[in-house]
Structures are given as C-alpha cells and as structure tokens.
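Only one structure is covered here, and it is reproduced in the block below.
Only the coordinates and a few stated rules stand behind these numbers; no lab work does. This structure is a prediction, so every number in the text was calculated from the model and none was measured. Positions of Cβ are backbone-derived with ideal geometry, glycine not excepted, and every protein chain shown enters the neighbour counts.
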Amino acid sequence: MIKFETSSVEGTRRIAEAIAGVVDNGDLVTLIGGLGAGKTAFTQGFALALGISDRVTSPTFALANRYEGRLVLNHLDVYRMDGAAESRDLGLDELLEQGVTVIEWADVILSALPDDRLDIAIGFSPGEDPGEASADDRRVLELKPLGRRWSDRVEELAAALADWTVAKDHPLRQASCETTYETARETRETPC
Ligand SMILES: Nc1ncnc2c1ncn2[C@@H]1O[C@H](COP(=O)(O)OP(=O)(O)O)[C@@H](O)[C@H]1O
Ligand SMILES: [Mg+2]
C-alpha cells in the first residue's frame, strides 16, 4: 500500500498525472471514495497527462465516456449501478482491451472486476485544526496495486510517486505552484 496526502485539488491531480505516466493499454484503475472526495478531479489530472484535451466530466449519467489521447481512456462512474450483476451490461472485458480504464465508485461492482488492478481509495483527511479553512481540501490517497500486472510495476509506480510519498507523521504536503490546472489546458504547461 502506498499512501499520500494532498492539501489541494491540484495536488490530487498531480498524483494522478504521475500515475498516468506508468499506465499502459489494458490497465484498470479504480477510484473508491465518497461524494466529493475527488475521484473526477483525479481523473481530470490523469486524462491531462495522457494528452487528452477534452474536458473530463463525471460520467454519472452516461456511465462510460471515452477519450482519445496518447492512450484511449475509458472513464466510468458506476454509482448508479445496482451491484456487480448489472455491470455485465458495461462490456468491461471489451473496454479493458481498448485502452486504460478508470472506474469511479468501483466498490459497487467490485466482484465483477478483474484481479489485476490498481485500487485507489480517496478519503477526507481531518486537518490538525478542523476549523482551518484549508481543512476541506485535505485528502488521503491510498494505492493498492493488485495482481501480477501491478505487482510487476510497484517499483516503477513508487519511483513515479517518490515526490509525493509521505511518512505517517509527515506534515501534509502543500502544492506550491502557480500554474493552475485550468491554465495548463491552454498553455500545455505542467499544472501543479
Ligand atoms: N485535495 C483535493 N483533492 C480533490 N478534490 C478536492 C481537493 N480539495 C478540494 N477538492 C474539491 O473537491 C471536489 C471534488 O469533486 P469531484 O472530483 O467531482 O468528486 P467525486 O468525483 O469524488 O465525487 C472538487 O470541487 C474539488 O475542487
Ligand atoms: Mg465523480
């Protein structure tokens, strides 16, 4: 398990970008966390790093969106699905063959998912001082590389994320960069 803490949406997007740097066709990344945790924000950073310039929005109603960049990105949100049985309609096997797949609320259909996957849990992190304005922006990301596909890449993944790894007692990292995600879309600079 690799654990990170971020204190801004930009931080979450940066972590997603680093992860996007090690993915390949056929990979599955699951995002598990409550409403507003940052699953779509994560996917936006992930998509940007794959060279996708379309605006990535939550596919809650569409169920699945497809984007083309350096790799094809299948972005799913299965919040409204009624468990794993219903997920058969998604045609997951075919999707997985055609690019990288990111699934928000993957816990809803967990038993239908392949064993090879990168599970990412995004949780709200209480700040040291809950009254602090920035406390709402803190998140903990926990990565679980599962199956052969990912166990073979654990070191590569850890290296890509080295800047973000935090010791348990490390204070939260602050993203300190002027280039916002929105600006980066226009200028193609690396956002923070
Ligand atoms: N550290 C953070 N990581 C991700 N999102 C954050 C963070 N801090 C604040 N936010 C805000 O939380 C919201 C997350 O929304 P979204 O990504 O749509 O959540 P989800 O898809 O998990 O429901 C956004 O408004 C985002 O700006
Ligand atoms: Mg979402």
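Observations
- The requirement of being among the hydrophobic types (A, V, I, L, M, F, W, C), within 22 Å of Asp137 (Cα to Cα) and out of contact with any Pro (no Cβ under 7 Å at 6 or more places or on another chain) is fulfilled nowhere in region 81-101; no residue meets it.
- For region 98-124, the set of residues classified as away from ligand 1 (no atom under 12 Å from the Cβ) and out of contact with any Leu (no Cβ under 9 Å at 6 or more places or on another chain) consists of Gln98, Asp107, Val108, Leu110, Ser111, listed by residue number.
- Considering (1) of a type in the set (D, E, K, R); (2) out of contact with any strand residue (DSSP E or B) (no Cβ under 8 Å at 6 or more places or on another chain); (3) within 18 Å of Ala18 (Cα to Cα), the lone condition that Asp93 does not fulfil carries the number (3).
- In region 41-58, residue farthest from ligand 1 (Cβ to nearest atom) [restricted to those that are surrounded by 20 or more Cβ atoms within 10 Å (Cβ to Cβ) and not hydrophobic (A, V, I, L, M, F, W, C)]: Gly45
- Within region 49-57, the presence of at least one residue that is in a helix (DSSP H, G or I) and away from ligand 2 (no atom under 14 Å from the Cβ) is confirmed.
Residue-by-condition table, conditions (1) within 14 Å of ligand 1 (Cβ to nearest atom); (2) in contact (Cβ under 8 Å) with a residue 12 or more places away in the chain; (3) crowded, with 20+ Cβ neighbours inside 10 Å; (4) more than 22 Å from Val78 (Cα to Cα):
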position: Met1; (1), (2), (3), (4): no, yes, no, yes
position: Ile15; (1), (2), (3), (4): yes, yes, yes, yes
position: Leu28; (1), (2), (3), (4): no, yes, yes, no
position: Ile32; (1), (2), (3), (4): yes, yes, yes, no
position: Gly36; (1), (2), (3), (4): yes, no, no, no
